[in-house]
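Student: The structure is given below, and queries will be raised subsequently.
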Amino acid sequence: MRIAVMGAGGVGGYFGSMLARAGHETFLIARGEHLKTIQEQGLTVKSHHHGQFRIDVQATGDPAEVGPVDLVLFTVKTYHNTEAVRLIRPMVGPRTSVLTLQNGVESHRDLLEETSDGQVFTGAAYIESGVAAPGVIRQNGEVVRIVFGHPTGEGQERSAELLEVLKKARIEAEVAPDVMKALWSKFVFIVSLAGPTAAARREMHQLLELSEGRDLVMAVLREALSVGRALGIALDDDLFDRTLSYIDGYARDLHASMHTDLDRGNPLELEALNGAVVRLGREAGVPTPFNQCIHALLKPYAGGV
């Protein structure tokens, strides 16, 4: 299979390396020093699951050089969507599938503007990874998993084919019968982790040590759940308790990527996360004062500094 990874950062670089290792003709779309290093020295992956390995893989900054592929993994940061969606056009043919693994619950809508409805699949990537240095991807932790599907439940034959490709590449994956439910189940956790920690400039465990910080995290979570349910997403009744339990346990030591980007002066995925809770809450008629406050506090930094 010919596969292109649009955005070969921590998520795309890791999954792209695994697909290339499995023998697929894989193209990484990257830029800057990261691209140059991959082209000259290959891609190095330091993985909790697979150890350290280096792989020679094709990389370019121009998707037009790749041409039509069978699968596009769309893994750019959401604030690059306007440009990136346009750039993938030369790689998308009539039988190309596009799988977005971005944060948030809306990115498939952007892709539908450039492709036919049946081609776009959406999913959640459960992985802690990042670019440790140009040409180097570091993956930490036990959890590496993709849950995906078609937003309308269509494309079952193609979903099964993509699932087989991922599993043969030693990527744990599953097709969700209700992928929007799966996306929102991750989304409510991400906004509860990223928004409060970034706004407070503190790690999650530091927030949880304060009763006020814990109250803030819970309020952000409740609002996101209320918005999802108001939009008709069939979220589980116990999702609040399960998410809070996860935050109290494993997630208390996680560092949200939006918090990292804020510290580094990079642009923020604010509009895809807490900003989306506010925007979608207005559409659904659900008040979201805590997310609105976080959105207002972080908005001056959304474009980077």
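Student: For residue 173, list long-range residues whose amide hydrogen, built 1.01 Å from N in the peptide plane, is under 5 Å from its own amide hydrogen.
Tutor: Excluding prolines and chain starts, which carry no amide H, the hits are 146.
Student: Can you run phi through the Karplus equation (6.51, -1.76, 1.60; θ = phi - 60°) for region 96-108 and list ³J(HN,Hα) in whole Hz, with x for Gly and Pro?
Tutor: 3J(HN,Hα) across region 96-108, in whole Hz: 7, 9, 10, 10, 8, 10, 7, 5, x, 10, 10, 5, 4.
Student: Give me the net charge of residue 78's neighbourhood, meaning all other residues with Cβ under 10 Å from the Cβ of residue 78; Lys, Arg count +1, Asp, Glu -1.
Tutor: It works out to a net charge of -3.
Student: Taking each pair of different alpha-carbon atoms in region 222-305 once, compute 1/r for the pair, average those values, and report the inverse of that mean as the Kirkwood hydrodynamic radius in Å to one decimal. Walk me through the numbers before you get to the answer.
Tutor: Details: mean 1/r = 0.0714 Å⁻¹.
By the Kirkwood definition, the hydrodynamic radius is 14.0 Å.
Student: Cα extents of region 1-123 along the three principal axes, largest first, in whole Å?
Tutor: 38, 28, 26
Student: Looking only at Cα atoms, what is the convex hull volume of region 222-265 per residue, in Å³?
Tutor: So the per-residue Cα hull volume is 94 Å³.
Student: Can you list residues whose amide H is under 5 Å from residue 58's amide H, if they're 5+ apart or on another chain and H is modeled 1.01 Å from N?
Tutor: 26, 28
Student: Report, to the nearest 10°, how far helix 239-248 tilts away from the longest principal axis of the Cα atoms in the chain, using its own Cα long axis and a range of 0 to 90°.
Tutor: Computed tilt is about 80 degrees.
Student: Lys and Arg at +1, Asp and Glu at -1: add these up for the other residues within a Cβ distance under 15 Å of residue 53 and post the number.
Tutor: Here the count lands on +4.
Student: Here is a follow-up. What are the ³J(HN,Hα) couplings of region 190-205, residue after residue, when phi is run through the Karplus curve with 6.51, -1.76, 1.60 and θ = phi - 60°? Round to Hz, x for glycine and proline.
Tutor: Computed from phi, the couplings for region 190-205 are 4, 5, 6, 8, 5, x, x, 5, 5, 5, 8, 6, 9, 6, 4, 4 Hz.
Student: Let me ask something additional. Measuring from label point to label point, each 7 Å out along Cα→Cβ, what is the residue 157 to residue 58 span in nm?
Tutor: Once both label points are built, they end up 2.7 nm from each other.
Student: Quick check: residue separation of residue 133 and residue 234 times 0.36 nm, minus the Cα distance between them. What number comes out in nm?
Tutor: Roughly 32.3 nm would be gained on extension.
Student: With Rg and the Kirkwood Rh both taken from Cα atoms, where does Rg over Rh land for the chain?
Tutor: We get a ratio of 0.95 for the chain.
Student: With a bin width of 5 angstrom, please list the P(r) values of region 109-226 as percents of all Cα-Cα pairs, from the 0 bin to the one holding the largest distance.
Tutor: Taking all Cα pairs of region 109-226, the binned fractions are 2, 10, 14, 15, 17, 16, 13, 8, 4, 1 percent.
Student: If you plug each phi of region 217-224 into the Karplus form 6.51 cos²θ - 1.76 cosθ + 1.60 with θ = phi - 60°, what whole-Hz ³J(HN,Hα) values come out, in order, with x for Gly and Pro?
Tutor: So the J values, rounded to whole Hz, are 4, 5, 5, 4, 5, 4, 5, 4.
Here, each number is a calculation from the coordinates, and none is a lab measurement. Note that the coordinates shown come from a computational prediction; the quantities given were computed from them, not determined experimentally. Methodologically, a virtual Cβ is constructed for each residue, glycine included, from the backbone with ideal geometry; neighbour enumeration extends over all protein chains shown.
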